[in-house]
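The next block holds one structure in the form of structure tokens; read it before the comments.
The values are calculated or read from the model by the stated rules, or taken from the named source; none is laboratory data. Since the structure is predicted, the reported quantities are computational estimates derived from the model, not experimental observations. Quick reminder, even Gly has a Cβ in these numbers, built from the backbone with ideal geometry, and neighbours come from all protein chains shown. The area values use the complete protein model at the heavy-atom level, side chains included, leaving out ligands, DNA and RNA. Shrake-Rupley method; radii C 1.70, N 1.55, O 1.52, S 1.80 Å.
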Amino acid sequence: LHAPFFPPSVPHTRSLEARIKEELIAQGLLDSEERPGQGGDSEDEVLAELQKRQAELKALIAHNRARKQELLR
């Protein structure tokens, strides 16, 4: 049997946000005194970087799919 799906609760979401913030600080992508949710340039920079990387991944996925199809032929 599959466990029923329960949407994430607010405390769980906040916990996830805290873990993400800690990881960003550990990776040097966020200063420890910057707090997500307050807005500002640092949050915009992180968002812009994530969007850039997402676009790169989408392009790579498309390339890999095309290459895979060539190899399968």
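Below, the figures for the structure above:
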item: Segment 1-26 residues that are at pLDDT 60 or above, paired with ones that are open to solvent by less than 90 Å² (accessible area, probe 1.4 Å) and outside any loop (DSSP other than H, G, I, E, B) (beta carbon under 9 Å, 6 or more apart); result: 24/46
item: Only listed residue being surrounded by 10 or more Cβ atoms within 10 Å (Cβ to Cβ), among the acidic types (Asp, Glu) and modelled with pLDDT of 80 or more, chosen from 44, 31; result: 44
